[in-house]
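Take a look at the structure below.
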Amino acid sequence: MGTMIEFARPDGGKTKGYLASAGQGRPGIIVIQEWWGLNDQICGVADRFARAGYNALAPDLYKGRVTTTPDEANHLMTGLDFPDATHQDLRGAATHLAGIGGKVAVMGFCMGGALTIAALVHIPELAAGVCFYGIPPQEFADPAMIKAPFQGHFANQDDWCTPAGVDQLETVLKGSAQSPEIYRYDAAHAFFNERSPAYHLASANQAWERMTGFLGTRL
């Protein structure tokens, strides 16, 4: 359904990404990859959003690199310039989507979930955000600074984005007079990814329904 495109960064550079189109004038959503890269699974999520009526753009943050091994994924993630990805690639994606249609939201998984929070902190044009099991370092992106509506989906069996970390995130968000939607699932990290051993169908379906309901009222 989608195609690879190039879009402009604020600094005048270009970034590639996978764009799944629902049509001119439709709301947009930025889909942020896991640490594996912009793979077929993430492109499939963008396609699913397009079928639901959103223009979905998944930026290629690793510049064409994709992996299936955790060691290499960790290497790629730790080598990513998170401020550049946020202020340039993700903000450029937001601008591109706004030029196609209406309001723009952001969502992502794992590393992309952490970047979702960072985007909500640093990109004021975003109308809403949905985070799946990812939290950035507070010194880079303080969740207390988020102004847009926020929804989060987290796993109870997760040693990376831990339940304790989620509790702290929720406390920070509520302490800044926000009304976040935080959902916890009796599943493991990456439960939404149908290609992961951790995939949990019931949790994934429930999260999708909650997410599309949330986005439908804010975009």
With ARG195, ARG184 as the choices, which residue is of a type in the set (D, E, K, R) and either touching a helix residue (DSSP H, G or I) at 6+ places or on another chain (Cβ under 6 Å) or in contact (Cβ under 8 Å) with a residue 60 or more places away in the chain (or both)?
-> ARG195
Listed by first then second residue, the pairs whose first member lies in the range 46-60 and is more than 13 Å from PRO27 (Cα to Cα), whose partner is modelled with pLDDT of 95 or more and in a loop (DSSP other than H, G, I, E, B), with beta carbons under 7 Å and at least 6 positions apart or on separate chains, are ALA58/GLN33; ALA58/LEU38; ASP60/LEU38
All but one of (1) modelled with pLDDT of 95 or more; (2) β-branched (Val, Ile, Thr); (3) surrounded by fewer than 23 Cβ atoms within 10 Å (Cβ to Cβ) hold for VAL104; which doesn't?
-> (3)
Inspect all residues belonging to the range 69-80 and state whether any of them is over 13 Å from the mean Cα position of the chain (by Cα), charged (D, E, K, R) and over 22 Å from PHE191 (Cβ atoms).
-> yes
Hey, can you tell me all the residues within the range 161-194 that are modelled with pLDDT under 95, under 19 Å from the mean Cα position of the chain (by Cα) and exposed (fewer than 14 other Cβ atoms within 10 Å of the Cβ)?
-> none
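The values are calculated or read from the model by the stated rules, or taken from the named source; none is laboratory data. Remember, predicted model here, so these are calculated numbers, not experimental data. As a convention, Cβ positions derive from the backbone with ideal geometry for all residues, glycine included, and neighbour counts pool all protein chains shown.
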